[in-house]
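What follows is one structure encoded as C-alpha cells, with my remarks underneath.
Values quoted throughout were computed directly from the atomic coordinates according to the rules given, and no laboratory measurement underlies them. This is a predicted model, so every value here is computed, not measured. FYI the Cβ positions are ideal-geometry reconstructions off the backbone, even for glycines, and counts take in every protein chain you see.
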Amino acid sequence: MAGNTFGKLFKVTSFGESHGEAVGCVIDGCPAGMALSESDIQAELDKRKPSEGIASTKRTELDKAKILSGVFEGKTTGAPIAIIVQNEDSRPKDYGSIAKLFRPGHADYTYFKKYGLRDYRGGGRSSGRETIARVAAGAIAKKILAQKGITISGFVSEIGGIEAKNFSEKDVAKVYENQFRVPDKEASKKIEDAVKKSIIAKDSLGGIIEIRASGVPAGLGEPVFEKLDAQIAGALMGIGAVKGVEIGAGFGCAKSTGSKNNDPIRIVKGEVSFMSNNAGGILGGVSSGQEIIVRAAVKPTSSIAQKQKTISENMVNADIEVIGRHDVCIAPRVLPVAECMVAIVLVNALLENLGSKISESK
Ligand SMILES: Cc1cc2nc3c(=O)[nH]c(=O)nc-3n(C[C@H](O)[C@H](O)[C@H](O)COP(=O)(O)O)c2cc1C
C-alpha cells in the first residue's frame with residue numbers, strides 16, 4: 001500500500017489501523033533544536049477526540065501520545081520523530097456481522113477491488129482514527145509555524161445547512177469549548193435541535209469547516225504544479241469524508257465579476273495593503289501575505305443505523321445495518337485534522353523557501 005507519506009522536506013509517514021494495535025507517524029525532516037514534549041502533541045490530539053456532546057461517537061479512547069525517537073533532553077535532534085498512540089477501546093466484534101458486506105459510503109468496496117482483501121474492523125486504514133497520525137505531526141508543524149509568527153485557527157461554519165453567521169474573532173478563539181466547534185451560539189442551538197432529529201431518524205448530517213492561517217509571509221508556494229492552493233486542496237481532500245475544498249471566494253467567484261472579485265492593492269502607511277481578500281491569501285499559487293482562508297465540505301457520516309441496501313463480497317444483494325459508535329456529524333472532528341494538514345503544508349512551503357532566492361525583494 002503506497003500513499004502513506006505526505007510532504008517533501010517535513011515528511012510525515014502515517015501507520016496503523018482503526019482496530020489494530022496502535023496508530024502513529026514518523027516525521028522526517030523536523031528542524032533540530034526545537035523544544036518538544038508529549039504535552040505539545042497531546043494538546044492537539046485532545047481536540048480530535050470525540051467531544052462530550054450529543055453529536056459525537058461514544059468510543060472512549062485516551063489517545064495518549066508517546067514519542068519514541070527524535071527528541072533528546074526535551075529538544076528535537078533532527079532525527080526521525082516516531083509517535084505512537086495505542087488503540088484501547090477497539091471493538092472488532094461490532095463489525096463481525098458485516099465482515100463480508102460493503103458498508104455504503106465507506107471504502108469497503110473500493111479497497112476490496114484494489115487489494116483483494118480488507119481489514120473490515122472499522123475500515124482499517126480508511127478509518128478516521130488514522131488521522132491521529134496527521135494531528136500528531138501537525139502539532140509539531142504548528143509549533144514550528146508559531147515560532148515564525150504564523151497561527152492557524154478554524155471553526156465549523158455550517159452543519160445540516162445551518163450556518164454560523166454572527167460571531168467575532170473572540171468566539172473563534174474559544175471554538176473548541178463548543179461541542180459542534182461552531183462559534184455562533186444561536187446557530188449552535190439550532191444545530192443541536194437538528195442533530196437530535198437526525199439521531200431519532202437514524203441518519204447523519206454534513207457540514208462545512210473553515211481554516212485560517214494568519215501571519216503567513218508573502219512568497220510561500222512553488223508554482224506551477226505545486227501551487228500553495230493546490231497543495232492545501234490536496235492535503236484537505238486526503239482527509240476522509242472531505243468532498244470539496246475552496247480557497248477565498250471559492251465557488252462563489254464563479255458568480256462574481258472581475259471588478260468585484262479582484263482584491264485592489266494600496267500602500268497604506270508605507271505597507272502593502274489589499275482592500276479585500278477574495279483570493280484567500282494566495283495569488284498564482286504563492287502566498288500574498290494576506291490571511292489564507294480555506295473551506296472544506298464534509299459529507300454526512302456514512303455509518304448510519306438505518307437499514308441500507310448493499311452487496312456482499314461474493315456479489316450478492318443484501319441489506320446492512322451498521323452498528324457501532326459513530327458521530328452524527330463528522331465536521332467537528334475533521335476540523336483539527338484539517339488545521340494540522342494546512343500546518344504541514346505551510347511548514348513544507350517555509351522550508352522550501354529557504355532556497356528560493358539570493359537577495360531580498362523590495
Ligand atoms: C476524524 C474523522 C472521524 C471519522 N469518523 C467517522 C465515523 O464515526 N463514522 C463514519 O462513517 N465515518 C467516519 N469518518 C469518515 C470515513 O473515514 C470516510 O467517510 C470513509 O473512509 C470513506 O472515505 P471518503 O468519505 O473520503 O470517500 C471519519 C473521518 C474523520 C477524518
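Taking the charge dipole of the chain about its Cα centre, with +1 at Lys and Arg Cβ atoms and -1 at Asp and Glu Cβ atoms, the residue from Leu346, Ile132, Met1 reaching farthest to the positive side is Met1. Each other residue within a Cβ distance under 12 Å of Thr76 adds +1 if Lys or Arg and -1 if Asp or Glu, for a net charge of -1. Dipole magnitude for the range 2-116: about 520 debye, using +1 per Lys or Arg Cβ and -1 per Asp or Glu Cβ, origin at the Cα centre. Taking Cβ atoms as reference points and 12 Å as the exclusive limit, the residues near Arg118 contribute a net charge of +2, counting Lys and Arg as +1 and Asp and Glu as -1. Hydrodynamic estimate: the Kirkwood radius of the range 237-286 over Cα pairs, inserted into Stokes-Einstein at 10 °C and 1.306 mPa s, corresponds to D of 125 µm²/s. 3J(HN,Hα) along the range 141-154: 4, 4, 5, 4, 4, 4, 5, 9, x, 9, 10, 10, 10, x Hz, from the Karplus curve 6.51 cos²θ - 1.76 cosθ + 1.60 with θ = phi - 60°, whole Hz, x for Gly and Pro.
Sorted by packing (mean other beta-carbon atoms within 10 Å per residue), highest first, where do 194-200, 213-219, 44-50, 339-345 land? Kindly include the intermediate steps, with their values, before the conclusion.
Numbers: 194-200: 15.9, 213-219: 17.6, 44-50: 20.3, 339-345: 28.9.
Top to bottom by mean Cβ count within 10 Å: 339-345, 44-50, 213-219, 194-200.
If you model the chain as an ellipsoid using its alpha carbon gyration tensor, with each semi-axis the square root of five times an eigenvalue, the axes come out at 35, 26, 19 Å, biggest first. Ranked by how many other Cβ atoms sit within 10 Å of their own Cβ, fewest first, the residues Asp119, Asp184 fall in the order Asp119, Asp184.
Rounded, prolate or oblate: which fits the range 18-168 when a ≥ b ≥ c are the square roots of the eigenvalues of the alpha-carbon gyration tensor, with rounded for a/c under 1.5 and prolate only if a/b beats b/c? If you can, show how the numbers build up before the last one.
Numbers: a/c = 2.13, a/b = 1.34, b/c = 1.59.
The shape class here is oblate.
If you put +1 on each Lys and Arg Cβ and -1 on each Asp and Glu Cβ, how big is the dipole of the range 5-353 around its Cα centre, in Debye rounded to 20?
Values: 47 positive and 41 negative charges, 121 e Å.
Around 580 debye, computed over the range 5-353.
In summary, the lysines within cross-link reach of Lys260, defined as a Cα separation below 25 angstrom excluding same-chain residues under 8 places away, comprise Lys165, Lys227, Lys269.
Applying the Karplus relation 6.51 cos²θ - 1.76 cosθ + 1.60 with θ = phi - 60° to the range 327-334 yields 3J(HN,Hα) values of 6, 5, 9, 8, 3, x, 8, 6 Hz, where x marks Gly and Pro.
Sorted by packing (mean other beta-carbon atoms within 10 Å per residue), highest first, where do 122-128, 304-310 land?
Numbers: 122-128: 21.3, 304-310: 14.6.
My ranking of the peptides, most packed first, is 122-128, 304-310.
Legend: residue pairs Lys8/Lys309; Lys189/Lys243; Lys114/Lys174; Lys113/Lys174, Cα-Cα distance threshold 32 Å; pairs beyond threshold, Lys8/Lys309; Lys114/Lys174; Lys113/Lys174. Based on the convex hull around the alpha carbon atoms, the range 190-237 presents an average projected area of 5.4 nm². Panel order for Met237, Met275, by other beta carbons found within 10 Å of each beta carbon, from fewest to most: Met275, Met237.
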